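Please read the structure below before turning to the comments.
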Amino acid sequence: MRTHRTGCRTAALVLSTAALFVLAPARAGADGGSLPTVTPVSETPALYDDEAGGNSDADDPAIWRNTADPGRSLVIATAKEGGLRVYDLGARLVQSLPAPRPPAEDDAPGRYNNVDVVTGLRTTTGRADVAVVSDRGNDRLRIYRIDPSRPGGPLTDITDPAATPVFSTDQADINDQRTAYGLATWQDKSTGRTYALVSRRERTRLALVELKPTASGTVTYRKVRTLDLPASFRLPNGTMWSPCAEPGELPQVEGMVVDPATGTLYAGQEDIGIWRMRADLTGEPVLVDKVHEYGVPGVYDEATEECTAGADPGFGGERLSADVEGLTLFQEPDGDGYLFASSQGDDTFALYDREVSESNEYEGGFRVGAASATLDGSEECDGAAVLNAPLGSRYPNGLLVVQDGHETPGVPDGEGGTRTATGFKFVDLRDVVDAADL
């Protein structure tokens, strides 16, 4: 995977590795007790990352609330090369949309990575609710109109066919797959404009991209500016540190969410921690919390394609275990709420106060455990979505959807092993509120 050049001239905001970052004030650690466990109510059908399963791999969910009939709300989720899946609140499949085929036989296929929902997007045919998807395989954004009454399925692709790559200059760049990766949407209240924040795979770059309607009724986008997070850090002992990775790879961002009330972006740099910054990518980012592995030296082994860790110098955080993945925002009507973060390395979720004035103080955490022998919990969670609003009789207190990186029980692959399976768990939000004492 080789580096790309951006396809259009933008203003890049680069943080120097001399100053490196602003670190939020240190806080007292967690109480050390075991985290509470909540269990899912239901789960989606397993996705299989093999040829028979269409190379489908669950990654990131988003929840669309049907304001006219909340009980008919939908969960929209990415399946990488398997495209996009739409589920009802019973976790039943409603629609399956394939990712685009490669332009040529040797080109990278479409690969849907992250998804977010925009309500009331301005188009030339009126306001519309849409799902915005990062197509890592083609380095583009895909925009789908959401219409639950549409025959054949609620989603329709309204992406402008002329939309250009987000980061790449040509197909050769795209094939290297340093492409559009993580994604979060944002509507600027002061201007009414709608944006997507997009991260770049194997790079530290974030891009602010404005969604724009076309005369034909489709939606395109333009890149406004970019920002590069640090790739190396000065430790308290004065030494410089970068997380161990394959040669040429930098610590990437995937999980992102914007607090709409303040225009604040939270971005999870997987091997580093959680950043807080302005959603317009101006100003200076603040590192809210670090992963436990922060500062641990490592040596990459070409033979095993793995890193061998050295001694832990003790500079890391206490609540997150790399990778930091799905970030989602629990919003309360009075403006309070919590940032949820998937701590993939230890299968937990960390909760932080939404208030910037409180320095996003850590508030606790939880696990999603097995409800039964056939309804397992969430392991190595890639993505999560929470909605604190009534969703009919099934979820009157709201819903949390989390990705499960190891769907069980396993299905034999015919060769003595089991097929690689993933999926999504639906958790009653009331259970989370009660267990975490929110």
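Quick notes
- Taken about its Cα centre, the chain carries a charge dipole of about 2140 debye when Lys and Arg each add +1 at the Cβ and Asp and Glu each add -1 at the Cβ.
- Taking one quarter of the surface of the C-alpha convex hull of region 275-321 gives a mean projected area of 4.8 nm².
- Size of electric dipole in region 157-253: Cβ of Lys, Arg +1 and of Asp, Glu -1, about Cα centre, debye, nearest 20: 440
- Highest GNM mean-square fluctuation among Arg101, Arg150, Arg136, for the chain modelled with Cα contacts below 10 Å: Arg150.
- Nearby lysines by direct alpha-carbon distance to Lys80 (threshold 23 angstrom, same-chain neighbours under 8 apart not counted): Lys425
- Rounded to whole Hz, the Karplus (6.51, -1.76, 1.60) HN-Hα couplings of region 221-238, x for glycine and proline: 7, 9, 7, 9, 7, 10, 9, 9, 6, x, 10, 9, 9, 8, 7, x, 8, x
- Ala389 long-range amide H proximity, modeled H, under 5 Å: Gly398, Leu399
- Secondary-structure-derived ellipticity at 222 nm for the chain, considering helices only, amounts to -1000 deg cm²/dmol, per-run term -39500 (n - 2.57) for DSSP H runs with n ≥ 4.
- Scanning the chain for GluC sites (Glu not before Pro) that sit in a DSSP loop and have at most 13 other Cβ atoms within 10 Å, the longest stretch containing none of them is 106-301.
- Local electrostatic count, Leu93, Cβ distance below 13 Å [Lys/Arg +1, Asp/Glu -1]: 0
- The charge dipole of region 303-438, taken about its Cα centre with unit charges on the Cβ of Lys, Arg, Asp and Glu (plus for the first two, minus for the last two), comes to roughly 480 debye.
- Proximal aspartates and glutamates relative to Lys290, as straight alpha-carbon distance under 16 Å, when same-chain residues fewer than 8 apart are discounted: Glu254, Glu270, Asp271, Asp312, Glu318, Asp323, Glu325, Asp346, Asp353, Glu361, Glu363
- 18 Å tail of the calculated P(r), region 147-194, as % of Cα pairs: 61
- Share of carbon and sulfur in the accessible area of the chain stands at 47%, probe radius 1.4 Å.
- Distance from region 47-81 to region 323-365 (C-alpha centre basis), Å: 23
- Net charge over other residues, Cβ less than 14 angstrom from the Cβ of Gln331 (K, R count +1; D, E count -1): -4
- Largest first, the extents of the alpha carbon coordinates of region 147-297 on the three principal axes equal 60, 40, 28 Å.
- The share of C-alpha pairs in region 306-438 whose separation exceeds 25 Å stands at 34 percent.
- Kirkwood hydrodynamic radius of the chain, from the reciprocal of the average inverse Cα-Cα distance over all distinct pairs: 22.0 Å.
- Positive-end residue of Leu183, Thr226, Tyr195, charge dipole of region 183-229 with Cβ unit charges: Thr226
- Span from the region 110-134 Cα centroid across to the region 393-438 one, whole angstrom: 25
- A DSSP coil position with no more than 14 other Cβ atoms inside 10 Å describes the following trypsin sites (Lys or Arg not before Pro) in region 44-101: Arg92.
- Ranking Gly369, Ser357, Pro412 by Cα position along the charge dipole of the chain, where only Lys, Arg, Asp and Glu carry charges on their C-beta atoms, puts Ser357 farthest toward the positive end.
- Paramagnetic label zone (point 7 Å from Cα along Cα-to-C-beta, Asp312; backbone N under 13 Å) in region 367-404: none
The values are calculated or read from the model by the stated rules, or taken from the named source; none is laboratory data. On a predicted model such as this, the values are computed, not experimentally measured, just so you know. Cβ sites come from the backbone with ideal geometry, for glycine too, and all protein chains shown count toward neighbours. The area values use the complete protein model at the heavy-atom level, side chains included, leaving out ligands, DNA and RNA. Shrake-Rupley method; radii C 1.70, N 1.55, O 1.52, S 1.80 Å.
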